[in-house]
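Scroll down for the structure; my scribbles are underneath it.
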Amino acid sequence: MSEFEQTSRQALGLLYREHHGWLRNWILRRVDSSAEAADLAQDTFVKVLASPDNLGRLAELRQPRSFLATLAQRTVVDYLRRRTLERAWLETLAQQPEAVAISPETRLLLLETLIEIDAMLDGLGPRVRQAFLWSQLEGLGYAEIATRLGVTVSSVKKYMAKATEHCLRLMLVS
């Protein structure tokens, strides 16, 4: 084991021992249950462990709680977004007639696809994201989107170009 790895592990162990309880309580104020808070706290430390950049900065942290809170906030936002998508999807499924019920395997594939689409659109601004979703999911024209957003049709065209370019770039990277 290299000196860097050893130092990083020691710093991570110290960070975990000194701040895990605080982080779990910090997350608990933002989610519904202590079990979810515990899982999300663990996920936050896994993010630290998985990132060489984060590991390299551990020994030099001046405000470890601020660092952890920033990572945890991202983890909580991702969790809440996933949960909202899952709930919306389950509500939609519950409204479907029995004859159109989807198999558990198909349901899982569709939910995973929705989560991937959500993650793909995450890098877009709120107006760009909303314009793209209205266009693609509801089939709205640019004029209707412009009216709903309170912007010009020209702005909507720019939003759509930006969203399309963003999605294509992400697809090419994958």
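The values are calculated or read from the model by the stated rules, or taken from the named source; none is laboratory data. Quantities reported herein were computed from a predicted structural model and do not represent experimental measurements. Cβ sites come from the backbone with ideal geometry, for glycine too, and all protein chains shown count toward neighbours.
Only one of these is outside the structural domain of ILE27 (by TED's automatic domain parsing), under 18 Å from the mean Cα position of the chain (by Cα) and polar (S, T, N, Q): THR70, THR113, THR75. Name it.
Details: THR70 fails: outside the structural domain of ILE27 (by TED's automatic domain parsing); THR75 fails: outside the structural domain of ILE27 (by TED's automatic domain parsing).
THR113 is the lone residue from the list that is outside the structural domain of ILE27 (by TED's automatic domain parsing), under 18 Å from the mean Cα position of the chain (by Cα) and polar (S, T, N, Q).
Being at pLDDT 80 or above, surrounded by fewer than 12 Cβ atoms within 10 Å (Cβ to Cβ) and not basic (Lys, Arg) is the requirement here; does ALA35 meet it? Quick ask: steps written out before the conclusion?
On the way: at pLDDT 80 or above: yes; surrounded by fewer than 12 Cβ atoms within 10 Å (Cβ to Cβ): yes; not basic (Lys, Arg): yes.
Answer is yes for this residue.
Restricting to the range 102-123, give me the number of residues that are in a helix (DSSP H, G or I) and closer than 29 Å to ALA161 by Cα.
13
Taking the range 78-110, which residues are within 14 Å of the chain's Cα centre (by Cα) and aliphatic (A, V, I, L, M)?
Let us first name the residues in the range 78-110 that are within 14 Å of the chain's Cα centre (by Cα), namely 78-86.
Listed by number, the residues that qualify are LEU80, LEU85.
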* Of the conditions (1) of a type outside the set (Gly, Ala, Ser); (2) under 22 Å from ASP122 (Cβ atoms); (3) surrounded by fewer than 15 Cβ atoms within 10 Å (Cβ to Cβ), THR44 fails just one. Which one is it? -> (3)
* To do: Give the number of residues within the range 108-124 that are surrounded by 14 or more Cβ atoms within 10 Å (Cβ to Cβ), out of contact with any Phe, Trp or Tyr (no Cβ under 8 Å at 6 or more places or on another chain) and in contact (Cβ under 8 Å) with a residue 12 or more places away in the chain.
  => 3
* Kindly check whether there is at least one residue in the range 92-101 that is at pLDDT 90 or above and among the β-branched types (Val, Ile, Thr). => no
* **Near pairs, Cβ below 6 angstrom, 6+ apart or cross-chain, from the range 152-174 (under 8 Å from VAL128 (Cβ atoms)) to any residue that is small (Gly, Ala, Ser) and surrounded by 14 or more Cβ atoms within 10 Å (Cβ to Cβ)** => TYR159/ALA131
* How many of the residues making up the range 126-151 are surrounded by 12 or more Cβ atoms within 10 Å (Cβ to Cβ) and free of Cβ contacts under 8 Å to residues at least 12 places away in the same chain? -> 6
